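**Q** Sending over a structure as C-alpha cells; questions will come in a sec.
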Amino acid sequence: MARHEVWEEVYLVEGAMHDLTLERTFTAGMYACRPPGMPHGPWTSPDGVTMLVITYS
C-alpha cells in the first residue's frame, strides 16, 4: 500500500483501474484527491489506463 508525503490529485483520462484494497473500479472521467499520508493501492488495469497525476506539497 502506497503513502505519499505530498498532496496527489489524479484524473482518469481514459481506460479504467481497479483498486485492490477498496475493491472498486474507477473509470475515465473520475477524479481523486489524496492528502499526505493517505493509503491507497495497489491497483491493476488489465486493459490500460491513462491518468493525469499532479503532486504538490
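**Q** Among the residues of the stretch 28-49, how many are open to solvent by 60 Å² or more (accessible area, probe 1.4 Å) and polar (S, T, N, Q)?
**A** Final tally of qualifying residues: 0.
**Q** Please list, ordered by first then second residue, the pairs with beta carbon atoms under 8 Å, 6 or more apart or interchain, first in the stretch 1-19 and among the acidic types (Asp, Glu), second open to solvent by 90 Å² or more (accessible area, probe 1.4 Å).
**A** Hits for this filter: Glu5/Ser57; Glu9/Tyr31; Asp19/Trp43.
**Q** If you take the residues in the stretch 17-32 that are at pLDDT 95 or above and outside any loop (DSSP other than H, G, I, E, B), which one is farthest from Arg3 (Cα to Cα)?
**A** Here is the first cut: in the stretch 17-32, the ones at pLDDT 95 or above are 17-18, 25-31.
Subsequent filtering for residues that are outside any loop (DSSP other than H, G, I, E, B) retains 17-18, 25-27, 31.
On the way: Met17: 18, His18: 17, Thr25: 20, Phe26: 19, Thr27: 22, Tyr31: 18 Å.
Per the stated criteria, the residue is Thr27.
The values are calculated or read from the model by the stated rules, or taken from the named source; none is laboratory data. Keep in mind that what you see is a predicted model, and the values were worked out from it rather than measured. Positions of Cβ are backbone-derived with ideal geometry, glycine not excepted, and every protein chain shown enters the neighbour counts. Accessible surface areas use protein heavy atoms only, side chains included; no ligands, DNA or RNA. Shrake-Rupley method; radii C 1.70, N 1.55, O 1.52, S 1.80 Å.
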